[in-house]
1. In the stretch 13-48, which residues are crowded, with 19+ Cβ neighbours inside 10 Å, over 28 Å from Phe205 (Cα atoms) and of a type in the set (A, V, I, L, M, F, W, C)?
2. Residue under question is Val163, and the condition is that it be on the phi < 0 side of the Ramachandran plot, out of contact with any strand residue (DSSP E or B) (no Cβ under 8 Å at 6 or more places or on another chain), touching a residue at least 24 places away in the same chain (Cβ under 8 Å) and assigned to a helix (DSSP H, G or I); does it hold?
3. Within the stretch 37-75, track down each residue that is touching a residue at least 60 places away in the same chain (Cβ under 8 Å), of a type in the set (S, T, N, Q) and under 18 Å from Arg22 (Cβ atoms).
4. Restricting the stretch 201-246 to residues that are within 17 Å of Ala157 (Cα to Cα) and exposed (fewer than 14 other Cβ atoms within 10 Å of the Cβ), which is nearest to the chain's Cα centre (by Cα)?
5. Would you say Ala179 is in contact (Cβ under 8 Å) with a residue 60 or more places away in the chain, among the aliphatic types (A, V, I, L, M), surrounded by fewer than 18 Cβ atoms within 10 Å (Cβ to Cβ) and farther than 16 Å from Ala152 by Cβ?
6. Filtering the stretch 95-115 down to residues that are assigned to a helix (DSSP H, G or I) and not small (Gly, Ala, Ser), which residue is surrounded by the fewest Cβ atoms within 10 Å (Cβ to Cβ)?
7. When the stretch 17-44 is examined, which residues are found to be assigned to a helix (DSSP H, G or I) and among the acidic types (Asp, Glu)?
8. Out of curiosity, is Gly143 at positive phi, in contact with a strand residue (DSSP E or B) (Cβ under 7 Å, 6 or more places away or on another chain) and of a type in the set (Gly, Ala, Ser)?
Amino acid sequence: MTTAADATPSCAHEWDGAEYDRLADPQARWGSRVLGRLELAGDETVLDAGCGSGRVTEELVDRLPQGRVVALDASSSMLEEARRRLAPSQGRVDFVQADLLDLAPATLGDRHPVDAVFSTATFHWVTDHDRLFANLASVLGPGGRLVAQCGAEGNIAGLLAAVRSVGVERAGSWLYASADETASRLEHEGFVDVAVWTNPEPTWFDDADRLADFLSTVILREHLLTLAPQERRPFVERVVAAMPEPVVDYVRLNIVARARA
């Protein structure tokens, strides 16, 4: 049987944007809180690094009545859903399909440099954080702000134990870094006023079908792409049955920093 580790790199970018939009209530809830940490005057240009289906991007646009948002994502399906959601904001949002590991000033064209980078539920899908933070620094203007949240060290450890119990050692490619590692990486890339911390976000599901849908669309997505279609739902149902309770044990990594002036 093919394992997730054997899957092609394109698997990382294969999302169902409409299903994610329907199911990602936890990510949208966290994103709204993280967005509250981003100080804005309202006329800035802000890069949403991993905009997904645009649920939190929509809130960001509302906070920039004289500004612009660059909504960037590697997934064409996510960007399609974001375009649909953000259609009323036409002219104030630019959509860019790009991998954050390939991000450079040229990626943003005349939108470079940006005044701030905002990101939620994305950085853990990028497995080279040294290169990630170097790329973000390259597109930020002097003193530009970085406010982000992603999965932290220990994220979904209990869920992954359930996955291993049904015979899969690695269910996807991600990097759950510690706060200390992240602070060190940011400082190495020239960021200042760095604050990094973690917090638990256990997320309960009262509906077993919705939990299975969520795991299929978000956490187990990469591994499922390596299975035959008829094998996918039974595998997810085995994982759900192996979980001691219907809770995803999320731990979040919070980042606030500035580019050197």
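The values are calculated or read from the model by the stated rules, or taken from the named source; none is laboratory data. Just so it is clear, the model here is predicted, and its values are computed rather than measured. Don't worry about glycine lacking a Cβ; one is built from the backbone with ideal geometry, like all the others, and counts go over all protein chains shown.
1. Matches in the stretch 13-48: Val46, Leu47.
2. The answer is yes for Val163.
3. First, the residues of the stretch 37-75 that are touching a residue at least 60 places away in the same chain (Cβ under 8 Å): 37-40, 44-50, 52, 56, 74-75.
From what is left, the residues that are of a type in the set (S, T, N, Q) are 45, 75.
Ser75 - this is the single residue of the stretch 37-75 that is touching a residue at least 60 places away in the same chain (Cβ under 8 Å), of a type in the set (S, T, N, Q) and under 18 Å from Arg22 (Cβ atoms).
4. The residue in question is Pro202.
5. Criteria not met by Ala179.
6. Result: Asp110.
7. Glu19, Asp21, Asp25
8. Against the criterion (at positive phi, in contact with a strand residue (DSSP E or B) (Cβ under 7 Å, 6 or more places away or on another chain) and of a type in the set (Gly, Ala, Ser)), Gly143 qualifies.
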